[in-house]
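The values are calculated or read from the model by the stated rules, or taken from the named source; none is laboratory data. Just so we're clear, the structure is a prediction, and the values are computed from it rather than from any experiment. In this analysis, Cβ positions are derived from the backbone assuming ideal geometry, glycine residues included, and neighbour counts consider all displayed protein chains.
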């Protein structure tokens, strides 16, 4: 980076201006340390344009906040004494990601470098529980993981929550979640109260497909500017990255691909309409066609051990073994999926479409039919036919994306982490 935040942020000399400049410079130095394999204080000063005394002061503060550490002596290529190497630390700073699914609740705690500290998944039937009861269960899980992290000397600085439905991100309010039968639920406020979270702790609520799209894009497709992530579980949604930015729409409710009608004579959807895409391709539809006996657990298998992941593993196993019913069912699902995907492909022209949820596990058996259907429907022909691939994160994409949002907040403002 060629210029300092001291120079780019105007200051009248008032206390608030000085604090804003210091926050910006802390973020600048933290990002520089994170992005460089070998940084010394002198190297950071050269690359940012900040003075050495300023960098030294900022680095010391980042030490105190547990975000940066100094390691062995190194020679950075300049004349003079070798400097100590600066590295991203953050091992005592964590972000908690949560996912509210119609069949389960998931949680993942990661440190600032993205290392997983804790993971949990518990069976919870959100279709039978009220919104209040579900939030109480999420709050119990939240408080438990924050407490466990604290006993290990790790501070959780924020909580991200992935929810299957349109979310008003600025308020943390879920406007609608058809598969949960939710309408206008203030998830952020309820979770903060039920879990007893401190006022200063960040709580971010967003659509599961949006968060999964960000996680997949940043981890597996960082050089791609236009990507669409499609999640397939009890429902179906899409997260869209356009021009390197998450596409939210005017009110933040974009990506509801699962509720686009493609078969007016089709089955009734949870949203109240008939023949939506998700009625044709979501996991319940796949099980009905390819393996109806998997809807309920086998005799002797407890309900708590039988959820979407277990169903998907068995469905993929049958397809790999050549089970005719599984293969025929997945081929039919692929045909409807290709029809559904052709709509945003024609509209948005993404470079990559990533299939998440159960789609990722059975992608080899869906894609041939899906690609044939897409090819017949994409108006611009093969030139506009994008690459379609399975997710690298599978069922964990949304919860990791939720944690990642909090990590980004720390990089944007390191003062969120107390000294």
**Study point:** Complete set of residues in segment 136-159 that are surrounded by 18 or more Cβ atoms within 10 Å (Cβ to Cβ) and out of contact with any strand residue (DSSP E or B) (no Cβ under 8 Å at 6 or more places or on another chain)
**Key:** 139
Point to revise | Given (1) out of contact with any strand residue (DSSP E or B) (no Cβ under 9 Å at 6 or more places or on another chain); (2) not in a helix (DSSP H, G or I), number of the condition residue 254 does not satisfy | key: (1)
**Study point:** Only listed residue being touching a helix residue (DSSP H, G or I) at 6+ places or on another chain (Cβ under 8 Å), in a loop (DSSP other than H, G, I, E, B) and at pLDDT 90 or above, chosen from 50, 86
**Key:** 50
Practice item. Please give the strands (runs of 3 or more DSSP E) falling wholly within segment 89-168 in which 3 or more residues are modelled with pLDDT of 95 or more and under 22 Å from residue 236 (Cβ atoms). Key: 93-100, 155-163
**Study point:** Enumeration of residues in segment 200-226 that are part of a loop (DSSP other than H, G, I, E, B) and closer than 21 Å to residue 116 by Cα
**Key:** 201, 221, 222
Exercise for review: From the list 177, 113, 106, pick out the single residue that is closer than 19 Å to residue 396 by Cα, crowded, with 22+ Cβ neighbours inside 10 Å and in contact with a strand residue (DSSP E or B) (Cβ under 7 Å, 6 or more places away or on another chain).
Suggested key: 106
Exercise for review: Please tell me if residue 270 is touching a residue at least 12 places away in the same chain (Cβ under 8 Å), buried (at least 20 other Cβ atoms within 10 Å of the Cβ) and part of a loop (DSSP other than H, G, I, E, B).
Suggested key: yes
Review point. Hey, any hits in segment 325-332 for a residue that's crowded, with 24+ Cβ neighbours inside 10 Å and under 17 Å from residue 238 (Cα atoms)?
Key: no
